[in-house]
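Remarks on the structure that follows.
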There are 2 protein chains.
Amino acid sequence: MSLLISSSSKTQQAFLKSVHELYYLRTVAGLLSWDQETMMPPKGAESRAKQLSLISSLHHQRLTSPQFGELLSQIQAESLDADMQPIAREMARDYHRAVKVPIRLVQEMTETASLAYDAWTRARQQADFDSFAPWLEKVFALKKEEARCLGFEKNPYDAHLDDYEPGLNTKIAEKLFAQLRKKVVPLVEYATGKRTDERSISWMRTSYPLPLQERLGREIVRAMGMDWTAGRLDVSPHPFCGGAGPNDVRITTRYSENDFMSSLFGMIHETGHALYEQGLDGQYFGTPLCDTVSLGIHESQSRLWENQVGRSRDFWEFWFPHFKETFPEQTKSLNLEDFYRGINRVERSLIRIDADELTYNLHIVLRFELEQGIFENQLAVKDLDAVWKEKMRGYLHVVPSHSGEGVLQDVHWSSGLVGYFPTYVLGNLYGAQFYHQANKDIPDLRAQIRAGNLTPLRQWLREKIHRHGRRYSAAQLVENVTGEPPTVDYFIKYLEEKFGN
Amino acid sequence: MSLLISSSSKTQQAFLKSVHELYYLRTVAGLLSWDQETMMPPKGAESRAKQLSLISSLHHQRLTSPQFGELLSQIQAESLDADMQPIAREMARDYHRAVKVPIRLVQEMTETASLAYDAWTRARQQADFDSFAPWLEKVFALKKEEARCLGFEKNPYDAHLDDYEPGLNTKIAEKLFAQLRKKVVPLVEYATGKRTDERSISWMRTSYPLPLQERLGREIVRAMGMDWTAGRLDVSPHPFCGGAGPNDVRITTRYSENDFMSSLFGMIHETGHALYEQGLDGQYFGTPLCDTVSLGIHESQSRLWENQVGRSRDFWEFWFPHFKETFPEQTKSLNLEDFYRGINRVERSLIRIDADELTYNLHIVLRFELEQGIFENQLAVKDLDAVWKEKMRGYLHVVPSHSGEGVLQDVHWSSGLVGYFPTYVLGNLYGAQFYHQANKDIPDLRAQIRAGNLTPLRQWLREKIHRHGRRYSAAQLVENVTGEPPTVDYFIKYLEEKFGN
């Protein structure tokens, strides 16, 4: 950072100082949130909510302050070098989005989300969509108002898609999701038509002692290249990757005695996120050039490691013997082929977070279509429960028996996260496109993975993706790395090769 | 808190809102510091320093802002109820102290402390006082300047004594320490004249498996009344009590296989601090009425539990059988009397933090006299090393062979903590005075402790001390509880009974 600062004008130095302070406030909030999920005693919850709300309002005040706006205008009038240009551009994006939404609306959204979250928790337990519907009405109404403040070209939904994935809009997403749906529905038909071999799943449900789960998990995380001097692994109810910046990246998992694979693939997934953060370029610390570019790119890193690598035969050629060595009793009669089939079996199921990597996409397509319907006023919130069931029947031939395993299963909407789901699928698309390119750039990549050497892949990801921070948009980054704009083709091809005939 | 707010005027509500925000910023800093010592990966250190410095400067800005000063003047002009009066008084104290010190001096002190701390770390390793002396010169010069800004009646040292122990000044401290020195020096002579019985110490140095140390430690902490739903116990290099407020109190200890007593008494000590925090009155949350009154009172709670209770025969009549049960091998030939003598043996030693509860006081007397000498310009910083050795010879008949085990042993001065040491001894005095009173108020207190029931003592402490927060000054609180102003008498009496003939 010192280089960056010393080479810049007085105004630029003042600007960077403010940018750093904004960044430190965000990382403070990051640590408070991590602690809330992992360490905080229950009675700390009320204060923690207040602490987080204070820090985020301080961040908002500073970002939207006239002083910061003035600094931004001043440096935009200067001639900026190749680093300061994208820093100014990205801070301007953050600034303009923040000033467009009146503080009154921000507060109303925060309060509504807090109350809606409580209502959702109760409604889900009682599988009572009707009690939650009024809250959902309010959330969507506020999100529509927010979209009007933010502005959009054609569809108000665009404003929210662009929030989580800068550059994304309804038209692009619609096209991607239509192509995906068209290919995935018949693939699911085919893959679920095959008889499940009992040998390929019975080993999963036996007992795996937690300390050994953690030991093997940590070995794999380490082999992926996690820097333990700049990160941690802990336990939380919902696995996540968080912490206090690229030098302090904290991942979590949860252990269940009878479901080691869930914890293990959770660790691999979160480590994919962590490697992205740790791979950012430290010389730009505290600026958008040392920050992750979008949720879609973030998710591409976790899914590439979890699915493309972690659920491949290549990966397990090296790790399967370690797995058997760690759990000799549990895996006595298990061979690699049955193991591979087990971790890749396809099942039509109701719950998104339990879905395999093939059917998962249809869960997201469904949510995208519902969000789009509501924003285009073609669908009423009160009908969501019924339309959900109908679409599940159409795409996956399974129908929730109650709303708790249907429209009420996800926390996102209650928390105001609208337009967020599509980034999960973008992660799949980007991940497949990146992995295809990595194999072209590193011809012996699969052989390296079979030999247990994950370093070439991690270095490639750092060089091509991680270190660029927010220098390029997500779509531009994909094109820089792969020579093509984002496409569904590589992901479809991957799914067909893995799950087709 | 809601009651307090609803019963107050609009100005008072605005004032309390600011007071709460200041409080939340402090607790955020508390959590960041706790995490730094317990959880943070090493590479997080640089960012953490920036985060902490940002939060503390935000706190300082808000406390010293003209808006807050204005609110304070306005509510002081109103007629305030019995709760708002002390809240306004204590916030005015904090405000006036903060505005008196120019931000330039605050920053210079922070930077100097950071550099002096580094210099101290190196100097201590190399036992090289001369390399540290210039830094110490600078620290004391800044502390003298700070004292001039803060103002004082007679001696500039008063300003710093009053900082850590509101109401304390050189005259009061001088009298207390003179009385203490006069009594303790001969007591040490007597107690160290007795031959040490090998049986009373050999058991201490055998091996105690860490998980069992933790298990027994947690049992005792629980019996003392620690609320685990509002607190945690973790491991850190230096034990402390911190966290994010009375509903989230976090203590730490360190375990050493061959020194269980150090970890155990550390836990008891920190739990004494934690019970004070957890015992504050939640209806005043976020205000000075739900905050600890002084370091001396804080230390009285830890030392009362650690020494008056934790090193008493009464306490171990109940816990010694548990100790033997947990470590049957290590304690095979140990009886209660030898155990008691072991945990209470007196030794002339060089290092304050390893000292027993009798000689400890002389280590503090020495530091007080040196600080006083410097502030009265009767002692030069360059002579500290020599005067230290001379005083150690006089009080304890032991002389450091190098400055690493002498004047360089404590971190405090390098960090700008001048006037802090005396609060350790005040803790001893207050603690003894409180415990004497507790035994008067609860006639069967010792019998209860012998039966393992620590609840009556904890309830008494909560009722008499904890719940009052900063409503009364430390000295007033001592007088309210015991009917007398603070005195050395009860502590001397306690030491004489325990260590005299």
task = Kindly give the distances from B:K10 to its copy-mates, label point to label point, with each label point 7 Å from Cα along Cα→Cβ, as nm values to one decimal ordered shortest first.
result = 4.3
query = Once Lys and Arg get +1 and Asp and Glu get -1 on their Cβ, which of A:C241, B:S56, B:L289 lies farthest toward the positive end of the dipole of the protein assembly as shown?
reply = A:C241
note = Taking a straight Cα-to-Cα line shorter than 18 Å from A:K183, and setting aside same-chain aspartates and glutamates fewer than 8 residues away, one finds A:E174, A:E347, A:D356, A:E357, A:E369, A:D489, A:E496, A:E497
query = To one decimal place, what Kirkwood hydrodynamic radius in Å is obtained for region A:311-394 from all pairs of distinct Cα atoms?
reply = 15.8
query = So how many Å³ per residue does the convex hull of the Cα atoms of the protein assembly as shown work out to?
reply = 196
query = Of the GluC sites (Glu not before Pro) in region A:87-186, which ones lie in a loop per DSSP and count no more than 10 other C-beta atoms within 10 Å?
reply = A:E153
Region A:333-398: relative contact order in percent, alpha carbon pairs under 8 Å with at least 6 residues between = 30
key: Coordinate range along principal axes, alpha carbons of region B:265-332, Å, largest first   = 52, 20, 17
ask   = Just how many % of Cα pairs in region A:169-246 lie over 19 Å apart, if you round to the nearest whole percent?
value = 68
inquiry  = With just the Cα atoms defining each centre, how far is region A:117-164 from region A:416-485? Give it in Å.
reply    = 31
remark   = Any GluC sites (Glu not before Pro) in region A:342-403 that lie in a DSSP loop and have at most 16 other Cβ atoms within 10 Å would be A:E347, A:E376
request  = Please state the charge dipole magnitude for chain A, taken about the Cα centre, from unit charges on C-beta atoms (+1 on K and R, -1 on D and E), reported in debye and rounded to the nearest 20.
outcome  = 200
query = With a sphere of radius 13 Å drawn around the Cβ of B:H468, what net charge do the other residues whose Cβ falls strictly inside it have (Lys, Arg +1; Asp, Glu -1)?
reply = -1
task = Evaluate Rg over Rh across chain B, taking Cα atoms for both radii and Kirkwood's formula for Rh.
result = 0.95
task = Determine the percent antiparallel among the DSSP beta bridges restricted to the protein assembly as shown, to the nearest 5.
result = 40
query = Could you work out the helix-only [θ] at 222 nm for chain B, with each DSSP H run of four or more residues adding -39,500 (n - 2.57) and the total divided by the number of residues, to the nearest 500 deg cm²/dmol?
reply = -20500 deg cm²/dmol
note = Here the percent of antiparallel bridges among DSSP beta bridges lying wholly in chain B, to the nearest 5, is 40
note = Here the equivalent ellipsoid of region B:2-85, derived from its Cα gyration tensor, has semi-axes (largest first, whole Å) of 34, 14, 7
query = With the dipole of the protein assembly as shown worked out from charges on the C-beta (+1 for Lys and Arg, -1 for Asp and Glu) around the Cα centre, which of B:S300, A:G266, B:T110 lies farthest toward the positive end?
reply = A:G266
request  = Find which of A:P443, A:I492, A:N453 sits farthest along the positive direction of the dipole of region A:435-501, computed with +1 on the beta-carbon of Lys and Arg, -1 on that of Asp and Glu, about the Cα centre.
outcome  = A:N453
query = Within the P(r) computed for region B:3-162, what percentage of the Cα pairs occupies the region above 21 Å?
reply = 61
inquiry  = What would the Debye equation give as log₁₀ I(q)/I(0) for region A:205-286 at q = 0.17, 0.18, 0.20 Å⁻¹, counting only Cα atoms as equal point scatterers?
reply    = -0.62, -0.69, -0.82
message = For region A:180-256, which GluC sites (Glu not before Pro) pass both filters: DSSP loop (anything but H, G, I, E, B) and at most 11 other C-beta atoms within 10 Å?
response = A:E198
query = Using r as the Cβ-Cβ distance of A:R148 and B:D354, and R0 as 56 Å, what FRET efficiency do you calculate, to the nearest 0.05?
reply = 0.25
request  = One decimal, nm, shortest first: give the distances between the label point of B:T121 and those of the same position in the other copies, each label point 7 Å from Cα along Cα→Cβ.
outcome  = 4.2
query = How big is the charge dipole of the protein assembly as shown about its Cα centre, in debye rounded to the nearest 20, if each Lys and Arg gets +1 on its Cβ and each Asp and Glu gets -1 on its Cβ?
reply = 300
query = According to a simple spin-label model (label point 7 Å from Cα along Cα-to-Cβ), what is the distance in nm between B:S73 and A:E496?
reply = 7.8
request  = Tell me the distances, shortest first, between B:P66 and the same position across the other copies, using label points 7 Å along Cα→Cβ, in nm to one decimal.
outcome  = 1.4
note = To the nearest 20 debye, region A:114-192 has a Cα-centred charge dipole, built from +1 on Lys and Arg Cβ and -1 on Asp and Glu Cβ, of 280
query = In the structure shown, do any of A:K50/A:K144; A:K138/A:K391; B:K144/B:K464; B:K194/B:K464; A:K143/A:K391 have a Cα-Cα gap over 30 Å, and if so which?
reply = B:K144/B:K464; B:K194/B:K464
Gyration tensor (Cα) of region A:336-469, equivalent ellipsoid semi-axes in angstrom = 36, 20, 11
key: Between region B:279-310 and region A:362-388, the alpha-carbon center distance in angstrom   = 55
Region B:177-197 and region B:74-106: distance between their alpha carbon centers, rounded to Å = 44
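The numbers here are math on the coordinates, done by the rules we state, and not lab data. Bear in mind that the values here come from a model prediction, so they are computed numbers and not experimental data. Cβ: placed from backbone, ideal geometry, glycine included. Neighbour counts: every protein chain shown.
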